[in-house]
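Inspection log for the structure reproduced underneath, given as structure tokens.
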Amino acid sequence: MTELRVVIVDDEQPARSRLRELLEDCRPEMPHVVAGEAANGVEGLEVVASAGADVVLVDIQMPEMSGIEFARHLQLLENPPAVIFVTAHDQYAVEAFEVNAMDYLTKPVRMARLLSSLKKAANAARLARSVLESIDPAPRRYLSVAERGRVTLVSVSDIIYLRAELKYVTARTGAREYLVEESLAQLEQEFGDVFVRIHRNCLVARGSILSFERGAETEGEAGWSVVLNGCDEKLPVSRRQWGQVKAILD
């Protein structure tokens with residue numbers, strides 16, 4: 001039997017150590033190697049990509065990035081590993097996992113239950129992003145981009161604007177642009193408190209708007225553009241959106 005490559009992601013060192021001990025107890029029946037561990041989701045994505053993980057044990061309740069968001073970002077990999085969620089006592093989450101036939105472990109984790117999960121993970125189906133979204137609909141802290149076989153994270157707080165172009169959305173930060181494979185409508189629904197629509201193809205970070213600049217009024221355009229902090233581009237505001245956008249600085 002081929003050894004499973006397992007990665008552990010948990011923000012608490014004692015919890016990671018406990019899982020290592022239990023994994024060792026499972027070794028006779030489920031050959032594996034602990035290919036790495038991480039203390040948070042951001043670090044975990046790097047470890048998973050470099051380790052070529054088959055299975056990830058991830059805590060749900062972690063600061064900076066929840067285990068659910070971590071799993072959503074993982075799905076950008078060409079061959080994402082199976083995910084086994086670990087939860088303390090969130091009954092709502094447990095019920096949601098059961099409804100969607102997703103595997104989870106409750107703390108304190110027992111060896112027999114871990115072994116059963118590892119055996120199922122060896123033949124697990126790919127997680128559906130829509131299912132993960134339904135379990136944890138809270139806005140993500142990061143957008144994810146597939147680059148050279150790895151997942152690059154873009155902090156939502158760093159994004160100046162999101163602009164739809166062909167089948168991609170361009171996410172512009174102060175440093176560079178990223179191509180995101182998500183629809184502008186979905187992003188607006190998820191991050192409506194962070195971004196405002198200024199045009200049918202563009203969302204702008206509310207906190208990045210410095211002022212407005214008057215230009216020539218044309219059909220469909222209000223004749224105003226937004227001046228943005230950290231970006232030299234001046235983006236046009238449509239006539240339909242002008243009232244809502246203008247109110248931000250009123």
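The values are calculated or read from the model by the stated rules, or taken from the named source; none is laboratory data. Keep in mind that this is a model prediction, so the values were computed, not measured. Please note: Cβ atoms are built from the backbone with ideal geometry, for glycine as well, and neighbour counts cover all protein chains shown. Accessible surface is based on the protein model in full, side chains and every heavy atom, while ligands, DNA and RNA are left aside. Shrake-Rupley method; radii C 1.70, N 1.55, O 1.52, S 1.80 Å.
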Legend entry - Odd one out for Val94 among (1) within 27 Å of Glu188 (Cα to Cα); (2) hydrophobic (A, V, I, L, M, F, W, C); (3) in a helix (DSSP H, G or I): (1)
Legend entry - Some residue of the stretch 19-38 being under 26 Å from Pro137 (Cβ atoms) and assigned to a strand (DSSP E or B): yes
Legend entry - Glu78, sole failed condition from (1) touching a residue at least 24 places away in the same chain (Cβ under 8 Å); (2) acidic (Asp, Glu); (3) farther than 25 Å from Val34 by Cα; (4) open to solvent by 70 Å² or more (accessible area, probe 1.4 Å): (3)
Inset, instruction - Would you check if Val56 is within 20 Å of Pro108 (Cα to Cα), at pLDDT 95 or above, β-branched (Val, Ile, Thr) and over 15 Å from the mean Cα position of the chain (by Cα)? - result: yes
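Considering only the stretch 100-170, give the strands (runs of 3 or more DSSP E) lying wholly within it that have at least 3 residues that are open to solvent by less than 30 Å² (accessible area, probe 1.4 Å) and modelled with pLDDT of 95 or more. Talk me through it step by step, then tell me what you get.
Details: elements: 104-106, 142-147, 150-155, 159-165.
Of the strands (runs of 3 or more DSSP E) lying wholly inside the stretch 100-170, those with at least 3 residues that are open to solvent by less than 30 Å² (accessible area, probe 1.4 Å) and modelled with pLDDT of 95 or more span 142-147, 159-165.
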Inset, instruction - Tell me, please, whether a residue that is farther than 22 Å from Leu77 by Cα and without any contact (Cβ under 8 Å) to a residue 24 or more places away in the chain can be found in the stretch 192-207. - result: yes
Inset, instruction - Could you look through the stretch 21-51, keep only residues that are open to solvent by 40 Å² or more (accessible area, probe 1.4 Å) and in contact (Cβ under 8 Å) with a residue 40 or more places away in the chain, and pick out the one that is farthest from Glu78 (Cα to Cα)? - result: Asp25
Inset, instruction - Filter the stretch 43-77 down to residues that are hydroxyl-bearing (Ser, Thr, Tyr) and either closer than 15 Å to Met102 by Cα or part of a loop (DSSP other than H, G, I, E, B) (or both), then give me how many there are. - result: 1
